[in-house]
Amino acid sequence: MQDNLLLTTGQMAKLHKTTKRLLQYYDEINLFSPAIKGENEYRYYSYEQSPELEIILSLSELGMKLNEIKDYLTSRSPENLYSLLKEKQRLLREKLKNLQLIDQMLSNHINNVEQSFQIPLNSIYTEYQQEEHLLATPETTEDSIETIYKTISGTLINTDERHLYCHICGSILPESSWQNQDYTTYNRYYFKTVAPSGGTSLLNKPAGNYLCINWLGNWNTLKNAYSILMKYAKNNCITLVGDAYEDTIVDSFAVQNDNEYVTKIMIRIA
């Protein structure tokens, strides 16, 4: 083999935009070794080895484990390549789908937090809202934190949905509660899902004008927010109907002190 057709480890690494250390590691595990190992311990690769190295690097970039790559190299065939690429394409598309969902979830959170910056806290305002479909828990009368999270987690387990914080979470105060000035008896909890699983039972939140307040304070102070809402509605001859919805805008993911939580309370105007 002519010397001008040989490449040092550094030259081979540069040609394929990788590192010397990676090529040395491939040699150590007998995945890809130099064509010539000189007495001076220098290692030399040939240009003819470039296609095989590109195969290894490409398969590695697709997420294949090195032992899987080694197995494939010893059993290459058009059929095996086809099966391999089809499987990797399936996994890639699944990953892309998840990334798109995460991107949408992040956008929803960003919009929520931006709203907490733009709308004065603890002030009443009206807002038209589109119809929403919420992934909700079964009705419950238990209100301990442990029960709430257990119920929500149980709802998630029965779907293909991701972790809890990937969603905007909330709670529902039924009309029967707030009509009787009971602002602590909730009956369901929900999260806003980007792409609900097929067959998932969703709760409909109707479109309409809502009386809203972005309340700054821990959850134990939400009863004060309801009192302000009800007084405002009475003084302005506004009739409210339906359940009250509470979207969590700012929680422990953003702040350390629960007195800095922001909850958006919404009740539809008749």
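Each reported figure results from applying straightforward, stated rules to the coordinates on display, with no laboratory input. The model shown is predicted, which means the values in this text are computed figures rather than measured ones. A quick note on method: Cβ atoms are made from the backbone with ideal geometry, for glycine too, and the neighbour counts reach across all protein chains shown.
General remarks:
- Region 3-76, relative contact order in percent, only Cα pairs under 8 angstrom and at least six apart counted: 28
- Summarising the amide proton neighbourhood of ASN187: residues at separation of 5 or more, or on other chains, whose placed amide H is nearer than 5 Å comprise ILE172.
- Around the amide H of LEU240, modelled in the peptide plane, lie the amide H atoms of ALA270, all under 5 Å away and 5 or more residues distant in sequence or on another chain.
- Range in the chain, longest, excluding exposed trypsin sites (Lys or Arg not before Pro) [loop by DSSP; at most 15 other beta-carbon atoms within 10 Å]: 163-270
- Once the chain from GLN49 to GLU132 is taken as fully extended at 0.36 nm per residue, the excess over their C-alpha distance is 24.1 nm.
- A Förster radius of 22 Å combined with the Cβ-Cβ distance from LEU81 to GLU28 puts the calculated FRET efficiency at roughly 0.25.
- Remark: for residue pairs LYS20/LYS65; LYS20/LYS88; LYS97/LYS223; LYS95/LYS264; LYS192/LYS223; LYS86/LYS205, the C-alpha separation exceeds 31 Å in LYS97/LYS223; LYS95/LYS264; LYS86/LYS205.
- On full extension, the segment bounded by GLN256 and GLN118 gains 47.5 nm, given 0.36 nm per residue less the C-alpha separation.
- Taking amide H as placed 1.01 Å from N in the peptide plane, the amide H of ALA35 sits under 5 Å from that of TYR44, TYR45, SER46, each at least 5 places away or on another chain.
- Computed about the Cα centre, the dipole magnitude for the chain is approximately 340 debye when only Lys and Arg (+1) and Asp and Glu (-1) carry charge, each at its Cβ.
- Mean ellipticity per residue at 222 nm, deg cm²/dmol - from DSSP H runs of n ≥ 4 across the chain, formula -39500 (n - 2.57): -13000 deg cm²/dmol
- Residue exposure sequence - CYS212, CYS237 - by fewest surrounding Cβ within 10 Å: CYS237, CYS212
- Extension gain, ILE102 to LYS17, is 27.5 nm, computed as 0.36 nm per intervening residue step minus the present C-alpha separation.
- Summary value for the chain: 17 percent relative contact order, contacts being C-alpha pairs under 8 angstrom separated by 6+ residues.
- Sorted on the mean count of surrounding Cβ atoms within 10 Å across their residues, most packed first, peptides 50-58, 245-253 read 245-253, 50-58.
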